[in-house]
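Colleague: The structure's right below; bear with me while I get my questions together.
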Amino acid sequence: MGDCRWETDPWKIVETGFDARDGRACRAAESLFSLGNGAMGGRANFEEYFGGESLQGNYIGGVYYPDKTRVGWWKNGYPEYFAKVLNSAFWPGMDLYIGGERLDLAVCEVEGFRRELDMRRGLLTREFTAVLPQSGARVAVEARRVVSMAEVELGAVAYRLTLLSGGDAEVVATAFVEGDVRNEDANYDEKFWELSDLDRERCALTMRTRKTGFEVCWGQRTRVRYGEVAVVGENVSAAERVAERFTGRLGAGQSVVVEKFVGVASSLNHPAGELVDAACRVAERACGAGFEAVLAAHERAWAERWKGCDVVIGGDERAQQGIRFCIYQLLQTYTGRDARLNVGPKGFTGEKYGGSTYWDTEAYCLPFYLATCGEEVARQLLLYRYRQLPQAIENAEKLGFSDGAALYPMVTMTGEECHNEWEITFEEIHRNGAIAYAIYNFCRYTGRQDYLSEGGAEVLVGIARFWAQRATWSEPKGRYVILGVTGPNEYENNVNNNWYTNYLAAWCLRYAAEVVERVAVPGVTARERERWVEIAEGMLLPELVVNEAGETIFLQQEGYMDKEQRRAADIPAEQRPINQHWSWDRILRSCFIKQADVLQGLYFFQEHFDREVIARNFDFYEPRTVHESSLSPCVHSILASLTGRAEKAYELYLRTARLDLDDYNREVHEGLHITSMAGSWLSVVEGFGGVRVGGDGRLRIAPRLPEGWSSLAFRIHYRGAILSVAIRPGEVAVGSENAAKAEVVIDGSLYEVGNEKITVKIG
């Protein structure tokens, strides 16, 4: 068994070589080669049996389990459960026996292993030759798998095994769907699914989640041939498994081909009594068409997805592969087809985080979908929060707030808080601000204010009422303060006057007051609006004088400078990441920042600050940041571009775009960092492309290409126009692909762009 080797390809993720002894690498590859279609997806587990280390995972959007939270009885108000992203039935399953010996890459000698994810086509392919340890028989395997983007309730596998050596051998192939699955991180090792129905005759398995009562049916259909002979299988379904066993004999050079189609129907979309019919109908239709037809329809759907989203980088294949990988994962995680779904932090790649959404959606993902998929897809993300406003108000009430104050959950499936870490659940209240900012960002970008009267203003009022109650007047300071919080930097808990949280709260209060003057919200009085503005104007925003000229930086929070001031570069490499080597106490006492905190605020509100102020804060905080949150490098990269720190901007871009491909944080085996992948797109388009919609609503393009990039091209939706942007050193070309006109400020000058592409020379 040789060492694994990774190829750099602009459209593919390619692994050559395989070592079953390296369990971490095996699991990491399962994450990297994952498939999804917005409604369901899963890790790249082998179809055939694998006796080595693996994290089996297939997931269905919106299906969850309220795993009982482990917590001390005295923590009143603590969420009763942590919503688990459920591992569901293993649908791609195959079991292969050659001459009575099981194919298992954990014990076989493996040659010529190649695993490939074609991101353009959404196709997973695996090829290898295996020598069985007992008989010495040599077999070649080619496996192809899709989770259909055209038919979102369909998964399909084409599996070919060829006998390369030996004489006539019996080959038994069993295609199955296995419902007896577990989650790796269940608090009490609880099993989350129970059998609802096993329909042997129709090869359909229906499982039900305990407590929540979601039902999902998997209907399997197969086409099998040995050589040129089609073979009918034997139904061997039992317990929580549907299975068909096929038996035939192969001579040297002959192949068995299994085409397997699985329809997946859930009670989210079908009445419970119709699940079997729905799942089997999908599987039968696909089986009748065959794998190649399924693949062709899937490829056409992917081509449409890529049409408006691709980013083309000239002269840097690693950067190109990184951004396409990020875009691919975002596109297969969320499509906007179902307003009940959101962008989960692991998508369909792992189970580490619970819930279906974090503040990441509003802060990072919404701008990506807004610019690449259009207003309506992005609007679905805003409506998701509006529909959960009653639960946000209830969540605040549980914590002692009143009168319509709303605290949106840190983690949720239904609007109810379901996170299981105290500091994040109760202290990381800045998420409220990110949701308000997303409303502002949507209205600013689209130029449409109608969303405010369709629910946006109500959300802003609930959030403003929360901030107004959460802030406290300090007599000694003569300012309003916000105590006991955790900012985006989770390596500092229960701090007072975190600059980012305070600034965001003050901004939210002002913005809400401005909106309700234009959009009437029942119950909001003039006195309440005045109170919001009063608190905003009186908010404490800690600063630190840093030089003799009296220049300041924004202070992370009160007491930050009491810590020993060190630089991240001084941490020994063998102690990185520190969250895997240091005690939590040591981390909290250190000055090291997990992710952008002050810089997050400067990124959101960069129009509020001079470039010199941004640069000064960047130069102070960047050396103290360990970037052990996936959300951190992209913000730093954008600000580095903005302030002329080109080398640092590129370094941080690679870290965010290739975070998982290069496993910077040593945790890819647990799943991918989906939501931060939107930050990679932001780093390219907003950072290097210099694209920004200012407070006046005008689109600005001021490129800053990294050294070595010969070109950069992308498309963005902007106020009805689909703009193609092509950047080369010294010039920018912009055109409207749908002939809609748009005003664009390029390198400081205003242009009207239509279907005729304009080219502007830039300094």
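Colleague: I'd like the residue in region 529-559 that is assigned to a helix (DSSP H, G or I) and free of Cβ contacts under 8 Å to residues at least 40 places away in the same chain and, out of all such residues, is nearest to TYR451 (Cα to Cα).
Modeller: Applying the filter and picking the extreme gives ARG529.
Colleague: May I ask you to say which residue of ALA173, ALA252, ALA186 is farther than 29 Å from TYR65 by Cβ, touching a residue at least 60 places away in the same chain (Cβ under 8 Å), among the small types (Gly, Ala, Ser) and part of a loop (DSSP other than H, G, I, E, B)?
Modeller: Only one candidate qualifies: ALA252.
Colleague: Quick test for you: out of VAL141, VAL171, VAL177, pick the one residue that is closer than 21 Å to LYS12 by Cα, more than 24 Å from the chain's Cα centre (by Cα) and either surrounded by 22 or more Cβ atoms within 10 Å (Cβ to Cβ) or β-branched (Val, Ile, Thr) (or both).
Modeller: When all the criteria are applied, what remains is VAL141.
Colleague: Let me ask something else. Looking at GLU7, GLU48, GLU30, GLU15, which one is in a loop (DSSP other than H, G, I, E, B) and either free of Cβ contacts under 8 Å to residues at least 24 places away in the same chain or of a type outside the set (A, V, I, L, M, F, W, C) (or both)?
Modeller: The match here is GLU48.
Colleague: Only one residue in ARG43, ARG115 is modelled with pLDDT of 95 or more, crowded, with 24+ Cβ neighbours inside 10 Å and under 24 Å from the mean Cα position of the chain (by Cα). Which one?
Modeller: ARG43
Colleague: Still on this structure, I have one more. Need a quick list: helices (runs of 4 or more DSSP H) entirely within region 583-701 having at least 2 residues that are crowded, with 22+ Cβ neighbours inside 10 Å.
Modeller: Correct list: 598-604, 611-621, 632-642, 646-657, 674-682.
Colleague: Next up: For the list (1) more than 29 Å from LEU330 (Cα to Cα); (2) within 21 Å of the chain's Cα centre (by Cα); (3) hydroxyl-bearing (Ser, Thr, Tyr), I need the number of the one condition that TYR78 fails.
Modeller: Against the list (1) more than 29 Å from LEU330 (Cα to Cα); (2) within 21 Å of the chain's Cα centre (by Cα); (3) hydroxyl-bearing (Ser, Thr, Tyr), TYR78 comes up short only on (2).
Colleague: With the requirement that a residue be surrounded by 15 or more Cβ atoms within 10 Å (Cβ to Cβ), in a strand (DSSP E or B) and either on the phi > 0 side of the Ramachandran plot or of a type in the set (A, V, I, L, M, F, W, C) (or both), what does region 733-757 give you?
Modeller: Within region 733-757, ALA733, VAL734, ALA742, VAL744, VAL745, ILE746, VAL753 meet the criteria.
Colleague: TYR369 versus (1) crowded, with 21+ Cβ neighbours inside 10 Å; (2) hydroxyl-bearing (Ser, Thr, Tyr); (3) within 22 Å of GLU514 (Cβ to Cβ): which is the lone unmet condition?
Modeller: Failed condition: (3).
Colleague: While we're on this one: So GLU362 passes all but one of these: (1) among the acidic types (Asp, Glu); (2) surrounded by 21 or more Cβ atoms within 10 Å (Cβ to Cβ); (3) in contact with a Phe, Trp or Tyr (Cβ under 9 Å, 6 or more places away or on another chain); (4) within 21 Å of ASP660 (Cβ to Cβ). Which condition number does it fail?
Modeller: With respect to (1) among the acidic types (Asp, Glu); (2) surrounded by 21 or more Cβ atoms within 10 Å (Cβ to Cβ); (3) in contact with a Phe, Trp or Tyr (Cβ under 9 Å, 6 or more places away or on another chain); (4) within 21 Å of ASP660 (Cβ to Cβ), GLU362 is out only on (4).
Colleague: Can you tell me which residues in region 383-415 are over 22 Å from the mean Cα position of the chain (by Cα), surrounded by 24 or more Cβ atoms within 10 Å (Cβ to Cβ) and not in a helix (DSSP H, G or I)?
Modeller: ALA405, ALA406, LEU407 - these are the residues of region 383-415 that are over 22 Å from the mean Cα position of the chain (by Cα), surrounded by 24 or more Cβ atoms within 10 Å (Cβ to Cβ) and not in a helix (DSSP H, G or I).
Colleague: Also, I was wondering about something else. Is it true that GLN565 is assigned to a loop (DSSP other than H, G, I, E, B), out of contact with any Lys or Arg (no Cβ under 7 Å at 6 or more places or on another chain) and not basic (Lys, Arg)?
Modeller: It is true that GLN565 is assigned to a loop (DSSP other than H, G, I, E, B), out of contact with any Lys or Arg (no Cβ under 7 Å at 6 or more places or on another chain) and not basic (Lys, Arg).
Colleague: Further, regarding this structure: For THR525, which of the numbered conditions (1) of a type in the set (S, T, N, Q); (2) farther than 21 Å from LYS594 by Cα; (3) touching a residue at least 24 places away in the same chain (Cβ under 8 Å) fails to hold?
Modeller: So THR525 meets the others, but not (3).
Colleague: Does region 477-498 contain any residue that is within 34 Å of the chain's Cα centre (by Cα) and in a helix (DSSP H, G or I)?
Modeller: For region 477-498, residues within 34 Å of the chain's Cα centre (by Cα) and in a helix (DSSP H, G or I): absent.
Colleague: Of the conditions (1) over 28 Å from the mean Cα position of the chain (by Cα); (2) surrounded by 19 or more Cβ atoms within 10 Å (Cβ to Cβ); (3) not polar (S, T, N, Q), GLU151 fails just one. Which one is it?
Modeller: (1)
Colleague: Somewhere in region 537-550, is a residue surrounded by fewer than 12 Cβ atoms within 10 Å (Cβ to Cβ), out of contact with any helix residue (DSSP H, G or I) (no Cβ under 6 Å at 6 or more places or on another chain), at pLDDT below 95 and within 26 Å of TYR480 (Cα to Cα)?
Modeller: Yes, region 537-550 contains at least one residue that is surrounded by fewer than 12 Cβ atoms within 10 Å (Cβ to Cβ), out of contact with any helix residue (DSSP H, G or I) (no Cβ under 6 Å at 6 or more places or on another chain), at pLDDT below 95 and within 26 Å of TYR480 (Cα to Cα).
The values are calculated or read from the model by the stated rules, or taken from the named source; none is laboratory data. Model, not experiment: these values are computed from the prediction. All Cβ positions, glycine included, derive from the backbone under ideal geometry; neighbour counts span all protein chains shown.
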